[in-house]
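Below: one structure, written as structure tokens.
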Amino acid sequence: MIVVMQPYASESQIQHVIDRLIDLGFDVHRSTGEETTVIGALGVKKEFDTGQIEGLDGVREVIRVSQPYKLASRAFRREGTVVDLARGVRFGGPEIVIAAGPGAVESAAQIDRIAEGVARSGAKVLRGAAFQSRRSPYGFEGMGERGLWLLREAAEHNGLRAVSEARGITEIPMLIDFVDMIEVGARNMLNDDLLDALGAAQKPVLLKRAPAATIEELLLSAEHILAGGNYQIVLAERGIRTFETGSHTTLDIAAVPAVHRLSHLPILVDPSRAASRRDQVAPIARAAIAAGADGVLLEVHHDPDHALVDGAQSLSIEQFDQLMGELRLIAAAVGRRLA
């Protein structure tokens, strides 16, 4: 249930409505927009009489939300959420943010060289996994805490923000100390324990859609984090599993405008994961910007053919630089700009 307050509602009236909802047993979340305050009440029963709230001073209307996700819905927050990573890096604003870096941190020299290259071309966020989720137990498992140290240092030296993936709850405290945003990979989109822990962590989260998940299921996963009080969420479309074999997954480009219609949360696109082929990455990235994505997440390596992880889908630094020039033109054509 959503309670929309009058634009002129006083703070005491707003607080009275919140107190009344709490007394009635609801879990309450407040969203203050440019013009009005919206209060989300979770736990509404079918037989609840909304008139108990509609008659309170300062209340404009009470809306029953039909979607199973309440806090992630556009009804709860009409203005789009802007996730701020500091130093002018903001997902969801007029600027499009590019995050780039290797699939995994391999060494100090590797991550420094890549960070310098992507920063020079205009990226604002450095990606790089320190803990690797691998299908095979024999693959490279990442550098762990040492990798996070190297990622942080490379980001700082090049004026970038840093994002890295958490595979489980135990890695969250370490990641909080080193990165500006914690990634939830596609395999963990339905890991409720991890999502609930990130809701309490109060750290920006990059939440990737699982290959077999619907948009509604993605938003329900975001709801877990929102219900914990963390509203700093960026969604990521990285392809869904279909019968098509021409790419690793099929990028659901229509998910970008669909999410913008259904939710206030920003969304970026990960072309590298969707394609898993270097020659398909740039066209998908261009399509993502044209479709209205708030950012693009790209795998970039200074020597892709010898990368320990995901080299086949990684752009070289030179290819990334060329793509950034193309993305700037497309961003301008749709009324936006690269950060």
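So the values come out like this:
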{"item": "Residue within segment 252-268 that is buried (at least 20 other Cβ atoms within 10 Å of the Cβ), at pLDDT below 95 and more than 11 Å from the chain's Cα centre (by Cα) present", "result": "no"}
{"item": "Selection count, segment 203-230, where residues are part of a loop (DSSP other than H, G, I, E, B) and either under 22 Å from Arg30 (Cα atoms) or among the charged types (D, E, K, R) (or both)", "result": "6"}
{"item": "Qualifying residue in segment 189-199 (condition: modelled with pLDDT of 95 or more, within 17 Å of Ala99 (Cα to Cα), assigned to a loop (DSSP other than H, G, I, E, B) and assigned by TED's automatic domain parsing to the domain that holds Gly128)", "result": "no"}
{"item": "Inter-residue pairs, beta-carbon under 6 Å, first closer than 26 Å to Thr245 by Cβ and in segment 255-276, second of a type in the set (Lys, Arg), 6+ apart", "result": "Asp270/Arg238; Arg273/Arg238; Ala274/Arg238"}
{"item": "All positions within segment 238-271 that are under 22 Å from Leu219 (Cα atoms) and of a type in the set (Gly, Ala, Ser)", "result": "Gly239, Ala254, Ala255, Ala258, Ser263"}
{"item": "Among the candidates Leu323, Leu327, Leu315, Leu265, residue that is under 30 Å from Pro68 (Cβ atoms) and touching a helix residue (DSSP H, G or I) at 6+ places or on another chain (Cβ under 8 Å)", "result": "Leu265"}
{"item": "Within segment 281-309, tally of residues that are of a type in the set (D, E, K, R) and surrounded by 19 or more Cβ atoms within 10 Å (Cβ to Cβ)", "result": "2"}
{"item": "When residues of segment 231-255 are limited to those that are assigned to a loop (DSSP other than H, G, I, E, B) and either touching a Cys at 6+ places or on another chain (Cβ under 9 Å) or of a type in the set (Ser, Thr, Tyr) (or both), the one nearest to Val28 (Cα to Cα)", "result": "Tyr231"}
{"item": "Segment 277-292, residues that are under 19 Å from the mean Cα position of the chain (by Cα) and either on the phi > 0 side of the Ramachandran plot or free of Cβ contacts under 8 Å to residues at least 24 places away in the same chain (or both)", "result": "Gly292"}
{"item": "Sole residue being in contact with a Leu (Cβ under 8 Å, 6 or more places away or on another chain) and under 20 Å from Gly295 (Cβ atoms), chosen from Ala186, Ala227, Ala166, Ala254", "result": "Ala166"}
{"item": "Selection from segment 87-117 of residues that are of a type outside the set (Lys, Arg) and either more than 20 Å from the chain's Cα centre (by Cα) or not assigned by TED's automatic domain parsing to the domain that holds Arg277 (or both)", "result": "Val105, Glu106, Ser107, Ala108, Ala109, Gln110, Ile111, Asp112, Ile114, Ala115, Glu116, Gly117"}
{"item": "One residue from Ile215, Ile233 being under 16 Å from the mean Cα position of the chain (by Cα) and in contact (Cβ under 8 Å) with a residue 60 or more places away in the chain", "result": "Ile233"}
{"item": "Criterion (among the β-branched types (Val, Ile, Thr) and closer than 30 Å to Arg152 by Cβ) met by exactly one of Val105, Val17", "result": "Val105"}
{"item": "Residues that are without any contact (Cβ under 8 Å) to a residue 24 or more places away in the chain and crowded, with 22+ Cβ neighbours inside 10 Å, drawn from segment 161-183", "result": "none"}
{"item": "Residue match in segment 148-166 (condition: part of a helix (DSSP H, G or I) and more than 24 Å from Gly117 (Cβ to Cβ))", "result": "no"}
{"item": "Filter result (of a type outside the set (D, E, K, R) and surrounded by 13 or more Cβ atoms within 10 Å (Cβ to Cβ)) within segment 323-333", "result": "Leu323, Met324, Leu327, Ile330, Ala331"}
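The values are calculated or read from the model by the stated rules, or taken from the named source; none is laboratory data. Not measured: the values here are computed from a predicted model. Here Cβ is always computed from backbone atoms with ideal geometry, including for glycine, and neighbour counts include all displayed protein chains.
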